[in-house]
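**Student:** For reference, the structure I am asking about is given below.
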Amino acid sequence: LYNTYNSYPYSDFDYVDAQGNSYSRYKPNPNTGSKNFYGDDDKCRTQKNWNWEPLMESDGRGYFTRQEHVTPHCGFTGRLYGLSEAEYESFSSPWPDYDYCFESNFVLDKTEVLATSDLQKMEVELFDSKFTSLLPLQIQWSIKSGFSEFEFWYYDMALVIAMYDATMLVWRDKILFNRIRPTTVMQELRGESTVSSYAGPGEGVKTMLGKDWNPYKRTMPHAEYPSGSAFFFAPPPGG
């Protein structure tokens, strides 16, 4: 948007509103110092300022890209449809209090089980898409409730507005907290440690170095906290 020609729609931009409030383009805040503190219980609990980092991605055919944080501006410059400005500004997410060593063990345990479970893989595929999870749930609930066609579309509009405003709130707080993603935690915290977990399509469970670990599904290019999916299932008051 900041190009006069050949602009990139939905890219980040500098912004000043009519009241003089300004927003500057998001820039990753590089982490410093060693993150290889696994086993140090005090460090695991007190490590708070671990920022989001862009991951390297590959299409498996030799094309590599480095992530950019997706639409970091939308929580600050987006238009609201259900919440008032005052309601929006009064909301804030609780401070994230992670024990990264505990969380890394939890992820390893879960992905080790998933690696050989076709049922869990199917569930991940289903709920990864909001269109194949939330939409059918809404339709089933409407049928069970005996809604008329008008009532279905009325509640559908209310749900979409609530989810939209929830997304604005989530994206604002993702930028404010700027928390690191589990993939980066695993690769840096457990980098030279040997772990047993999901090893890729068709590979099942294998022993590998932590720096070689990757999740079953792609890690999306945005900060970890708060969770957008959690907000979708619990829209904020007023939505």
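The values are calculated or read from the model by the stated rules, or taken from the named source; none is laboratory data. Note that the structure is predicted; figures quoted are calculated from it, not measured. Reconstructed Cβ throughout: ideal geometry from the backbone, glycine too, with neighbour counts over all protein chains shown. Surface areas here come from the heavy atoms of the whole protein model, side chains and all, with no ligands, DNA or RNA. Shrake-Rupley method; radii C 1.70, N 1.55, O 1.52, S 1.80 Å.
**Student:** What's the carbon and sulfur percent of the chain's accessible surface, probe 1.4 angstrom, rounded to a whole number?
**Tutor:** Heavy-atom surface of the chain belonging to carbon and sulfur, 1.4 Å probe: 56 percent.
**Student:** Any idea of the accessible area per residue across the chain, 1.4 Å probe, to the nearest Å²?
**Tutor:** For the chain, the per-residue accessible area is 63 Å².
**Student:** List, in the order given, every pair from Lys110/Lys174; Lys27/Lys110; Lys130/Lys174 whose Cα-Cα distance in the structure shown is over 27 Å.
**Tutor:** Among Lys110/Lys174; Lys27/Lys110; Lys130/Lys174, the Cα-Cα distance tops 27 Å for Lys27/Lys110.
**Student:** Can you compute the FRET efficiency between Asp156 and Phe91 using 1/(1 + (r/R0)^6), with r the Cβ-Cβ distance and R0 = 22 Å? Round to the nearest 0.05.
**Tutor:** E(calc), rounded to 0.05, equals 0.40.
**Student:** Please give the per residue volume of the convex hull enclosing the alpha carbon atoms of region 79-219, rounded to a whole number of Å³.
**Tutor:** 146
**Student:** Between Asn49 and Glu123, what length in nm is gained on full extension when 0.36 nm per residue of separation is reduced by their alpha carbon distance?
**Tutor:** Contour length minus Cα-Cα distance gives 23.4 nm.
**Student:** Could you calculate the FRET efficiency of Val16 with Arg218 from 1/(1 + (r/R0)^6), where r is the beta carbon distance between them and R0 is 35 Å, rounded to 0.05?
**Tutor:** Plugging the Cβ-Cβ distance into 1/(1 + (r/R0)^6) gives 0.50.
**Student:** May I ask you to rank Thr184, Thr116 by accessible area, largest first, using a 1.4 Å probe over the protein chains only? Please report the intermediate quantities before stating the final value.
**Tutor:** Details: Thr184 5, Thr116 105 Å².
Per-residue accessible area, sorted high to low, gives Thr116, Thr184.
**Student:** How would you classify region 155-238 from its alpha-carbon gyration tensor, with a ≥ b ≥ c the square roots of the eigenvalues: rounded for a/c under 1.5, else prolate if a/b is greater than b/c, otherwise oblate?
**Tutor:** prolate
**Student:** If you place +1 on the Cβ of every Lys and Arg, -1 on the Cβ of every Asp and Glu, and leave all else neutral, what size is the dipole of the chain about its Cα centre, to the nearest 20 Debye?
**Tutor:** 420
**Student:** Please work out how much length the chain gains when fully extended from Thr132 to Thr116, using 0.36 nm per residue of separation minus the C-alpha to C-alpha distance, in nm with one decimal.
**Tutor:** Full extension of this stretch gives 3.4 nm more.
**Student:** Just to verify a number: what accessible area does Tyr88 come out at with the full protein assembly present, 1.4 Å probe, Å² rounded to tens?
**Tutor:** 10
**Student:** Okay, moving on. Would you kindly find the accessible area of His69, with a 1.4 Å probe and non-protein molecules such as ligands, DNA and RNA excluded, rounding to the nearest 10 Å²?
**Tutor:** 20
**Student:** Follow-up. Once the Cβ-Cβ distance between Thr194 and Glu57 is put in as r, and R0 is 35 Å, what FRET efficiency do you end up with, to the nearest 0.05?
**Tutor:** 0.90
**Student:** Same structure again: Show me, for region 224-232, the HN-Hα J-couplings you get by feeding each phi into the Karplus relation (A = 6.51, B = -1.76, C = 1.60, θ = phi - 60°), rounded to Hz, glycine and proline as x.
**Tutor:** 6, 10, x, 7, x, 4, 5, 5, 4
**Student:** Compute, for Met157, the solvent-accessible surface of its heavy atoms (probe 1.4 Å) with the complete set of protein chains present, and express it in square angstrom to the nearest 10.
**Tutor:** 110
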